[in-house]
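The structure appears right after this line, and notes come after that.
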Amino acid sequence: MTKSQYPQCRVAPLRMLSPQTAEKFLNEVVKVPGIVRMMVNGPSIPATVPYGPARGKPNPNTNRQTIKIGDARMDLRVQVGMIVFEVKDDSVIEKIREVCKDFFKDFPCEVRSGKFMKTSPTLTDYCKYGPDADESLIGLVDPRRNESPIIIQGTK
């Protein structure tokens with residue numbers, strides 16, 4: 001990704017997605033061949049209450065669930081608001097646009113192409129993974145997390 005840049009697109013539904021809807025949508029999109037990597041964005045759902053009188057107590061949010069995408073399981077630590085995809089070429093963006101058009105019938109969804117993920121290593125990437133970091137992890141680093149990103153294999 002540092003030597004060649006792939007096209008990127010961002011899918012932004014009008015509403016936040018529930019874990020069940022996010023799982024169904026991501027399982028439909030994973031069937032599209034040509035997706036290099038994706039990133040799920042949204043407001044954080046902490047496991048414990050971070051501030052206020054209930055600080056440190058468990059957060060009883062029902063949106064913090066484990067979903068299954070393809071063969072991988074993923075703990076949702078955010079409420080899904082946007083999904084960013086890096087794809088092999090522009091034809092894949094059109095296929096993702098078609099999946100969105102078929103999937104989002106109750107409320108609209110916006111699909112934009114542009115640059116939404118970092119494509120060259122940052123200082124945080126260097127500190128977390130070193131000088132020989134895997135290029136598929138560039139721009140996906142959260143310095144406060146000990147977990148690594150989840151690898152999802154597309155369907156064949």
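The values are calculated or read from the model by the stated rules, or taken from the named source; none is laboratory data. Remember, predicted model here, so these are calculated numbers, not experimental data. Cβ coordinates were reconstructed from backbone atoms using ideal geometry, including for glycine residues, and neighbour counts include every protein chain displayed.
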**Prompt:** How do the pairs read when you match residues in the range 84-107 that are farther than 22 Å from Asn41 by Cβ with residues anywhere that are in a helix (DSSP H, G or I), using Cβ under 9 Å and keeping only pairs 6 or more apart or on different chains?
**Reply:** Asp102/Glu28
**Item:** Top-ranked residue of the range 35-61 - restricted to ones that are surrounded by 10 or more Cβ atoms within 10 Å (Cβ to Cβ) and charged (D, E, K, R), ranked as modelled with the highest pLDDT
**Value:** Lys57
**Complete:** For the range 114-132, pairs from a residue that is surrounded by 13 or more Cβ atoms within 10 Å (Cβ to Cβ) to a residue that is assigned to a loop (DSSP other than H, G, I, E, B) and among the aromatic types (Phe, Trp, Tyr), with Cβ under 9 Å and 6 or more apart or across chains, are Thr119/Tyr6
**Prompt:** Among the residues of the range 65-103, which ones are closer than 17 Å to Val30 by Cβ and in contact with a Leu (Cβ under 8 Å, 6 or more places away or on another chain)?
**Reply:** Thr66, Ile67, Ile69, Val80, Ile83
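Residue by residue, here is whether (1) touching a Ser or Thr at 6+ places or on another chain (Cβ under 7 Å); (2) more than 19 Å from Ala12 (Cβ to Cβ) holds:
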| position | (1), (2) |
| --- | --- |
| Lys68 | no, yes |
| Glu86 | no, no |
| Asp90 | no, no |
| Ile93 | yes, no |
| Lys101 | no, no |
| Lys105 | no, no |
| Glu110 | no, no |
| Thr122 | no, yes |
| Pro131 | no, yes |
**Asked** When Lys88 is evaluated against the numbered criteria (1) modelled with pLDDT of 90 or more; (2) buried (at least 16 other Cβ atoms within 10 Å of the Cβ), which criterion, by number, is the only one it fails?
**Response** (2)
**Message:** Take Val29 and tell me if it is free of Cβ contacts under 8 Å to residues at least 24 places away in the same chain, surrounded by 13 or more Cβ atoms within 10 Å (Cβ to Cβ) and hydrophobic (A, V, I, L, M, F, W, C).
**Reply:** no
**Message:** Any residue in the range 54-78 that is under 13 Å from Ala22 (Cβ atoms) and in contact (Cβ under 8 Å) with a residue 60 or more places away in the chain sitting within a Cβ distance under 7 Å of a residue that is among the hydrophobic types (A, V, I, L, M, F, W, C) and part of a strand (DSSP E or B)? List the pairs, counting only those 6 or more apart or interchain.
**Reply:** Met74/Ile67
**Request:** Identify all residues within the range 74-99 that are assigned to a helix (DSSP H, G or I) and either polar (S, T, N, Q) or touching an Asp or Glu at 6+ places or on another chain (Cβ under 9 Å) (or both); write none if there are none.
**Result:** Ser91, Val99
**Prompt:** For Val40, are the conditions met, namely being in a strand (DSSP E or B) and under 17 Å from the mean Cα position of the chain (by Cα)?
**Reply:** yes
**Complete:** Conditions (1) crowded, with 16+ Cβ neighbours inside 10 Å; (2) part of a strand (DSSP E or B); (3) at pLDDT below 95 -> Arg64 fails only (2)
